[in-house]
Amino acid sequence: MERRTIGAAALAVGAVGLGCMPMSWAYSASRQRGEESLRTVHRALDLGATLLDTADMYGPFTNELLVGRVLRERRSDAFVSTKVGLLVGEQHVVANGRPGYVRRACDASLRRLQTDVIDLYQLHRADPEVPVEETWGAMADLVRAGKVRALGLSAVGARGGRRSRGRLHDGTIRQLERVQQVFPVSAVQAELSVWSPEALESLLPWCAARGVGFLAAMPLGNGFLTGTLTPGQGFEPDDVRARHPRFTAEMMAANQPIVAGLRRVAARHGEHVTAAQVALAWTLAQGRHVVPVPGAKRERWVAENAGAAGLRLTAEDLAELGRLPAARGSWD
């Protein structure tokens, strides 16, 4: 499989990664099956999807434990990315960026992941009560101690909504400028997909200009861009899409032209090419420093996702995808 690198550290990863979060967090709990998830992670590694993305808050903790069961057998096959900085309570999430907490959280993640080093340690969210430089400095100490190989930052904020695309990532760029003065940033993780292209305006160019890797979160639009979801199908109460402004029955119907466009492009490349593969290929086409990290819970989905690395979109394809209507949400 094609290889890409994460930042100045030049840590090699497969072209498409695996977001492990849906296996134990944020999506329908009734569909979370531990043994099947283990097989899915193994299958992803077999196919060259070496980057495994998790976080201590997913579960909480259970997602790292799941990944750790795989790493116990296949550490040399994987590039491990996890996150720190958010704590999960009853019906709420709070940030904690205190240096002492960061050190303890890293040690706990290492134990759960059953490894002696984390390839990429990401700050999930900055703590508004702690200067981000202090948090980042504690993370840099972990690199010097040999517990972490490289540092990354997850973008702040949610979808742009009615905000201009250029403004959406201003806060993240300000944070990046600050922490870059303390220790090099190797990767930034933010949403990027055909229906959420806001990062193209400023964040992606910022990364490209500095040799910083970009982990494209939700490149399949929380599953919508696969074309497998039916408007009005409903979601379980614990599923994040049950409260998402783009996943009401009305908005799912309104956004079908986006899926139709992906399918048109897929049809030009062969009957076995899928809308999901086109969506991932579009993300890959945004730069050599871009690594899409689609979430998946089933072996068949990771196999399909891995196949996107071999799909080369033409200039005509990219132009057509660029003309697709903007995604609508219930705020519109």
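Residues that are open to solvent by 50 Å² or more (accessible area, probe 1.4 Å): list the strands (runs of 3 or more DSSP E) wholly contained in segment 42-116 that include at least 3 such residues.
Details: elements: 51-53, 79-84, 86-89, 92-95.
Once the strands (runs of 3 or more DSSP E) in segment 42-116 are filtered for at least 3 residues that are open to solvent by 50 Å² or more (accessible area, probe 1.4 Å), what remains is 92-95.
Taking the conditions (1) within 22 Å of the chain's Cα centre (by Cα); (2) over 27 Å from Leu51 (Cα atoms); (3) open to solvent by 70 Å² or more (accessible area, probe 1.4 Å); (4) among the hydrophobic types (A, V, I, L, M, F, W, C) in turn, Ala327 satisfies each one other than (3). Scoring Gly89 on the criteria (1) in contact (Cβ under 8 Å) with a residue 24 or more places away in the chain; (2) over 19 Å from Thr5 (Cβ atoms); (3) not charged (D, E, K, R) leaves a single failure, condition (1).
(1) over 30 Å from Gly7 (Cβ atoms); (2) open to solvent by 10 Å² or more (accessible area, probe 1.4 Å); (3) within 22 Å of the chain's Cα centre (by Cα): which one isn't true of Gly270, the others all being true? If we test Gly270 against (1) over 30 Å from Gly7 (Cβ atoms); (2) open to solvent by 10 Å² or more (accessible area, probe 1.4 Å); (3) within 22 Å of the chain's Cα centre (by Cα), just (3) comes out false.
For segment 182-228, a residue qualifies if it is in contact with a Phe, Trp or Tyr (Cβ under 9 Å, 6 or more places away or on another chain), more than 24 Å from Gly322 (Cβ to Cβ) and open to solvent by 30 Å² or more (accessible area, probe 1.4 Å), and the qualifying residues are Val182, Phe183.
I need a count of the residues in segment 212-227 that are assigned to a loop (DSSP other than H, G, I, E, B) and either within 15 Å of the chain's Cα centre (by Cα) or modelled with pLDDT under 95 (or both).
Of the residues in segment 212-227, 3 are assigned to a loop (DSSP other than H, G, I, E, B) and either within 15 Å of the chain's Cα centre (by Cα) or modelled with pLDDT under 95 (or both).
Quick one: in segment 117-133, which of the residues that are open to solvent by 40 Å² or more (accessible area, probe 1.4 Å) and touching a helix residue (DSSP H, G or I) at 6+ places or on another chain (Cβ under 9 Å) is nearest to Val293 (Cα to Cα)?
Kept after step one, since they are open to solvent by 40 Å² or more (accessible area, probe 1.4 Å), are these residues of segment 117-133: 125, 128-129, 131, 133.
Now narrow it down to the ones that are touching a helix residue (DSSP H, G or I) at 6+ places or on another chain (Cβ under 9 Å): 131, 133.
Working: Pro131: 29, Glu133: 27 Å.
If we take residues in segment 117-133 being open to solvent by 40 Å² or more (accessible area, probe 1.4 Å) and touching a helix residue (DSSP H, G or I) at 6+ places or on another chain (Cβ under 9 Å), then Glu133 is nearest to Val293 (Cα to Cα).
The values are calculated or read from the model by the stated rules, or taken from the named source; none is laboratory data. None of the values given here were measured: they were computed from a predicted structure. Neighbour counts are summed over all protein chains in view; Cβ atoms, including those assigned to glycine, are modelled from backbone coordinates with ideal geometry. Keep in mind that these areas ignore ligands, DNA and RNA; they rest on the heavy atoms of the full protein, side chains included. Shrake-Rupley method; radii C 1.70, N 1.55, O 1.52, S 1.80 Å.
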